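Take a look at the structure set out below.
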Amino acid sequence: MTVFAVVAAGVVMVLAVVLIVLALVYYLVSTIVALRKINAGLDEVISGVGEIVEKSAPVNDVVNAINSQLDAAVDVLEGLLVKKAGMRDAMGLIEGMYPGAAAAGLRNFPESGSVDAPRIGEVYTKGTLSLARLGRAAPIAALSPQGAVLRNVEGGSLAARALYPDVRHTTPEKLPQSPVIGADAPEQYEQREDIGAPRKRFPASR
Amino acid sequence: MTLWWIGNALLLLVVLPIVVYLLNGVLQSARSIVPSVQGIATVAAAGSRDLDAVALLLTTKDQVEQTVAGLAGYGTSLDVILDDAERQS
């Protein structure tokens, strides 16, 4: 009886240990398989990230170079505009083309934000006529390319109108008259015989 | 003998479930990482493909340089031309 009990207890213990080992083997092997998949996935990630790093490496330098070039262009254009048109007219031109942009001001001219920008319409006389006199094929040069430079910025719009090949601004003595309309008009646009004739009388009905 | 049986019972009823529980937790955690890593790998590959056009930035840079050089030349010429025209008037 005692021997049987000892053997039984030993068998149960061995069975328990075997079960524990089997559980360890199953879960650890499964974990190893999962970790190998993770390892393979991380290899792909590292490869992709490496490509990203390699491809994006020159971006900083290139973008900085482009920005510096564009900064230089902005400097040139702002300087030229302010030099040629003056600060007030320059802001007026900017406001005319991009409403609201004058409030932001020019980058290289901090005081430009506080300038009271004038309203400048489609025709800006200062410089435009100079270009016209230089032989540009601008319509503004069609009438008097040899005329004086327009300096009156306040009345520039009216003055510039004189440059166009129109006749009304010259206040001619006689302009073509407007057509006369009505029954007495010399030219009747609707030729009908019954116009001006007595009204037809229809026989009275009973 | 009694202690032996108690030990056996502890092995089967306590130690084995705890081992299974802990190992199962580790396995589930490891398995849950796999799809995430695969998703990251896909995104990284797509991001790498998206950056294929970065090489064109060098062309953009060259063109910007040429444009700005032309702009500077044009601005300088315009400056001189307008000065001359105003002097002549």
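Observations on the structure shown:
- Farthest positive-ward along the range A:4-107 dipole, Cα basis, beta-carbon charges - from A:VAL59, A:PHE4, A:ILE38: A:PHE4
- Note on A:14-23: average number of Cβ atoms from other chains within 10 Å of each residue's Cβ is 4.
- Applying a length cut-off of 15 Å (Cα extent along the axis) and a mean Kyte-Doolittle floor of -0.5 to the DSSP H helices of chain B leaves B:16-50, B:56-88.
- For chain B, fraction of C-alpha pairs farther apart than 23 Å, in %: 70
- Once the gyration tensor of the Cα atoms in the range B:27-69 is diagonalised, the equivalent ellipsoid follows with semi-axes of 43, 7, 4 Å, ordered largest first.
- Extension gain, B:ILE81 to B:VAL14: 0.36 nm times the residue separation minus the Cα-Cα distance gives 14.3 nm.
- Under 29 Å from A:LYS37, Cα to Cα: lysines that are on another chain or at least 8 residues apart: A:LYS55
- Placing a pseudo-label 7 Å from each Cα along the Cα-to-Cβ vector at A:LEU70 and B:ILE6 gives an inter-label distance of 8.1 nm.
- Applying 1/(1 + (r/R0)^6) with R0 = 51 Å to the Cβ-Cβ distance of A:VAL33 and A:THR2 gives a FRET efficiency near 0.65.
- Estimated inter-spin distance, B:ARG49 and A:SER56, nm [label 7 Å along Cα→Cβ]: 1.8
- In this structure, A:LYS200 and A:GLN177 have a Cβ-Cβ separation that, at R0 = 35 Å, corresponds to a calculated FRET efficiency of about 0.45.
Where a number appears in this text, it was derived from the coordinates with a stated rule and is not lab data. Nothing here was measured: the structure is a model prediction, and the numbers come from that model. Quick reminder, even Gly has a Cβ in these numbers, built from the backbone with ideal geometry, and neighbours come from all protein chains shown.
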